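The block underneath contains the structure these notes are about, expressed in structure tokens.
The values are calculated or read from the model by the stated rules, or taken from the named source; none is laboratory data. Only a predicted model underlies this, so the values are computations on that prediction, with no experimental measurement involved. We place every Cβ from the backbone using ideal geometry, glycine too, and count neighbours over all the protein chains shown. Heads up: the accessible areas ignore ligands, DNA and RNA and are worked out on the full protein's heavy atoms, side chains in. Shrake-Rupley method; radii C 1.70, N 1.55, O 1.52, S 1.80 Å.
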Amino acid sequence: MFCGCSAQHFRQPANTHLCPTCLGLPGSLPVPNQRAIEMTVLMALAVKAKINRRFFFERKNYFYPDLPKGYQISQHISPIGEGGTVPVLLGGKYVAVALHDIHLEEDTAKLEHHGDEVWIDFNRSGVPLVEVVTQPVLHSAAAAKAYVKRIQQLVRWLRISDADMEKGSMRLEANISLATRPSDGEEIELPSYRVEVKNLNSFRFLEKAINYEIERQKKIWQNGKQPVQETRGFDAQQGVTFGQRRKEVAKDYRYFPDPDIPPLELTSSAIARLRKQLPRLPWEEEKMWQERYGLDWQLSQTLVANDKAREFWQMLVPWIKNRDQAQKIAKLIVNKPDRWQGKKPAKFWQEWQKGQNERLGGAKLAEIVSQVIVEETKAVADYRRGKISALGYLVGQVQRLARGKADPREAQQLLQQELTNNG
Amino acid sequence: MKKDGLDIKYLAQLAQIHLSSQEEKQLDKDLQNILHFIAIIRRVNTKEVEPTFQVAKDVQMSRPDQKEKSLPREAALQNAPQQKNGYFISKPIGWK
Ligand SMILES: [Zn+2]
């Protein structure tokens with residue numbers, strides 16, 4: 001971030017990407033990386049955050065072996081981006097998750113604990129790190145998970161990072177506190193503490209850690225006490241969190257502007273240039289398919305989230321003539337990857353169309369439907385007794401006899417007709 | 001926490017240093033002096049003055065995204081008080 005050492009730190013020999021600056025040696029001078037600043041602005045623009053055109057870096061002071069200088073160069077009162085929202089699909093609708101800020105800082109060293117020793121690899125320290133901080137607006141582990149997945153998608157979409165959690169290029173931190181459920185229309189009153197669970201390296205661990213904390217804190221409240229403000233780690237094997245250190249409050253960090261780094265200014269032309277680089281965003285593309293072809297949100301989200309599926313779909317789009325075709329193709333791409341993976345789009349399209357033309361309908365289909373009704377006496381009786389789910393089974397049987405070539409909607413209509421008419 | 005807002009023990013804990021009671025007393029005195037000094041400075045009317053935390057105001061400094069040569073590992077580690085297998089070694093540090 002502030003020196004020219006390689007930012008590759010995954011599976012590199014320890015302490016081989018170091019220089020006087022990232023080692024914090026006296027007399028060295030940190031100089032911010034232009035590209036890292038631009039990437040942060042890009043991220044901020046994507047979520048419609050307010051860009052602080054004049055910003056500076058600050059020293060966040062705390063003493064821990066992962067910092068060679070005794071402070072981390074970060075941003076506090078002038079983050080590059082302030083506010084903004086991230087649209088996340090929750091329970092079938094879009095929710096705008098409000099952000100607090102997006103700031104740029106240097107990453108810290110990787111520590112390994114061996115008995116009474118801490119082994120320090122400083123390769124990662126000094127690598128640019130963008131922190132995206134939400135407002136306290138997420139109220140469940142599931143919501144938090146949906147949100148961080150969206151952030152990962154966006155970071156990859158904008159080619160900021162591979163956001164690979166196994167390589168440590170994306171890490172999650174959850175701040176959890178329990179509040180009394182407000183009565184309708186009232187705002188939640190935030191409790192005066194928060195517990196931070198640090199260094200979560202998978203979506204599943206995030207979900208587990210949050211759910212664990214909710215239960216742990218609930219018990220403390222039920223015993224008439226308030227949980228203490230602290231930083232906790234997550235033990236993936238046991239599925240539990242454990243206390244690490246008392247969490248500092250903001251003033252303990254004694255933030256102050258880094259005197260070695262003059263304030264920076266983003267010109268309007270620089271911001272305009274970055275704005276132009278902004279591609280159509282994932283949620284915009286989801287909406288586009290929804291509006292153009294009537295795909296449901298879930299389907300369009302899955303389609304857009306999967307790089308290979310999305311690419312294949314985009315190559316088919318010019319040939320798609322109507323909503324019906326689009327919906328069938330989208331569903332097929334999402335649900336049956338083996339039907340298209342490794343195929344050329346043109347060839348796939350040809351085969352698919354041929355398959356469509358061979359669809360069974362009319363008299364042939366009616367014949368199969370009658371046969372199924374005669375043979376499946378139990379399911380037919382179930383359906384007539386009001387067990388609606390039996391219909392799905394019957395459609396499946398028609399499909400089996402039709403070798404998958406029946407139009408499911410038509411088959412269902414025919415079945416319903418026959419079953420009500422000849423009851 | 002004392003009523004004047006200075007808690008030497010807490011500050012020492014934040015800095016992860018151990019202080020003898022003699023040192024605590026001395027530091028308390030020193031820090032009180034500094035606070036007193038600052039209190040005097042704060043009486044100056046600075047209403048019309050922009051805060052100056054940076055004198056190199058009109059300098060725009062940033063680096064291109066280019067990789068430069070890093071130090072050989074031996075050089076990076078040469079001043080480490082303790083090292084092993086290419087790692088810096090430290091004692092665990094934590095909050096009591
Ligand atoms: Zn370096």
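Observations, loosely collected:
- Contact residues in the range B:29-63 (at least 30 Å² less accessible area with all protein chains than alone, 1.4 Å probe): B:Phe53, B:Gln54, B:Lys57, B:Gln60, B:Met61, B:Ser62, B:Arg63.
- For the range A:34-276: rounded, prolate or oblate by the Cα gyration tensor [a/c cutoff 1.5]: oblate
- Computed over chain A with a Gaussian network model linking Cα atoms closer than 10 Å, the most mobile of A:Ile220, A:Ile37, A:Ile77 is A:Ile220.
- On the basis of the beta-carbon distance and an R0 of 56 Å, B:His18 and A:Lys50 show a calculated FRET efficiency of 0.80.
- Our compactness index for the protein assembly as shown, the C-alpha radius of gyration over the empirical 2.2 N^0.38 Å, is 1.28.
- Of the accessible area of the range A:282-357, computed with a 1.4 Å probe over protein heavy atoms only, carbon and sulfur atoms account for 47 percent.
- Comparing the full protein assembly with the isolated chain (1.4 Å probe, heavy atoms, ligands and nucleic acids excluded), the residues of the range A:118-140 losing at least 40 square angstrom of accessible area are A:Val118, A:Trp119, A:Ile120.
- Cα gyration tensor shape for the range A:1-138, rounded if a/c is under 1.5, else prolate or oblate: prolate
- Angstrom value of the Kirkwood radius, inverse mean 1/r, which spans all Cα pairs in the range A:282-357: 12.3 Å
- Three-way shape label, the range A:235-289, alpha-carbon gyration tensor, a/c 1.5: oblate
- Ligands, DNA and RNA left out, the 1.4 Å accessible surface of the range A:34-276 is 48% carbon and sulfur atoms.
- Calculated [θ] (222 nm, deg cm²/dmol) that DSSP helices of n ≥ 4 give over the protein assembly as shown, each run adding -39,500 (n - 2.57): -12000 deg cm²/dmol
- Semi-axis lengths (Å, descending) of the ellipsoid that matches the C-alpha gyration tensor of the range B:2-42: 20, 11, 9
- Accessible surface buried once B binds A (1.4 Å probe; total of both sides; Å²): 3800 Å²
- Carbon plus sulfur fraction of accessible area for the range A:362-421, probe 1.4 Å, in percent: 51 percent
- Residues in the protein assembly as shown average 58 Å² of solvent-accessible surface per residue, probe 1.4 Å, ligands and nucleic acids excluded.
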